[in-house]
Amino acid sequence: MHQSIHFKDHPSIFNSFLQNMVMMKHPFLSFTLLLIVFFSSTTTLAQKSPAPAPSTDTAPTDIIRILKKAGGFTTLIRLLQTTQVSTQINSQLLNSNGGLTLFAPNDNSFSSLKPGFLNSLSDEQKNKLIQFHLLPTFVSMSNFDTLSNPVRTQAGDDPYRLGLNVTSSGNQVNMTTGIVNVTVGGTVYTDHQLAVYQVDKVLLPRDFFVAKPPAPAPAPEKTKSSKKKSSDSDGGVAGDDDSGAVNVKQRRLMLVPVAVATIIVAIYSW
């Protein structure tokens, strides 16, 4: 009974056989065997080394990386980093399902601002300025006409000082803050969770330009000296009342002997 021998299971036997065939001067047979060896080895390696499964992991969204790849947003990137709003955006995208929409002014938009404007803002105002360019939901280009004015931004919900009004007609989207009118220029990035749209001007909230109403003055508090004077004056009034009562009593006592003398004189006269 014969047993079949597989070369792939016994590489040493196969190598010895191959050397013997080469030593025998059969060039055609040797070439044929070399082809068999090549294809057999390739098939064996393919069977033993399956292709790795494609990775399903995707890198988390990074707003800075997106803007750097698009180019032309150097000033916006600097503000996002100094205010730490970039970290906030990345965190919101990881932990919420509503998504975000960012209106991104390019460097030309910032350069058209009044000279020194950004430097005149406090850190709190710079943060509010960037938050004013963020909507707390994902809005596709075709869904701007579904928004209700004034649109709430992440800067706050004051409809007068932080209101943003949006009008949409087809693919044309315009916005106004009461200070500046802005046009959406196009889509920088979208992944159905984050939408980034380029705008031709910086969105300036009315809050930066309208004077805030003065805070109501606190009610004046009574000082210790005024309280002391009040108590002293009360004591003085009480003292006057007491002395007045004493004078009336003394007068009444003085009138008693006069009345008695008058009665005695009247009796003797009668």
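The values are calculated or read from the model by the stated rules, or taken from the named source; none is laboratory data. As the structure is a prediction and not an experimental result, all values here were calculated from the model. Counting neighbours? That spans all protein chains shown, and the Cβs are built from the backbone with ideal geometry, glycine included. To get the accessible areas, we keep the full protein, side chains included, count just its heavy atoms, and leave off ligands, DNA and RNA. Shrake-Rupley method; radii C 1.70, N 1.55, O 1.52, S 1.80 Å.
Note on VAL210: accessible area is roughly 40 Å² with a 1.4 Å probe, heavy atoms of protein only. Full extension of the chain between ASP145 and LYS126 gives 4.0 nm of extra length, using 0.36 nm per residue less the Cα-Cα distance. Could you work out the relative contact order of the range 63-201? I mean the mean sequence separation of Cα pairs under 8 Å and 6+ apart, divided by the number of residues, in percent. Reported relative contact order: 25 percent.
Subtracting the Cα-Cα distance of ILE179 and THR74 from 0.36 nm times their residue separation leaves 35.4 nm of extension gain.
Using a simple spin-label model with pseudo-atoms 7 Å out from Cα toward Cβ, THR187 and GLN81 lie 2.8 nm apart. Counting only heavy atoms of the protein chains and using a 1.4 Å probe, MET141 has close to 40 Å² of accessible surface.
Please list HIS192, HIS133 from largest to smallest accessible area, probe radius 1.4 Å, with all protein chains kept in place.
Numbers: HIS192 160, HIS133 5 Å².
Reading off the accessible areas and sorting them downward yields HIS192, HIS133.
If THR187, THR153 are ordered by their accessible area, calculated over protein heavy atoms with a 1.4 Å probe, which sequence runs from highest to lowest?
From most exposed to least exposed: THR187, THR153.
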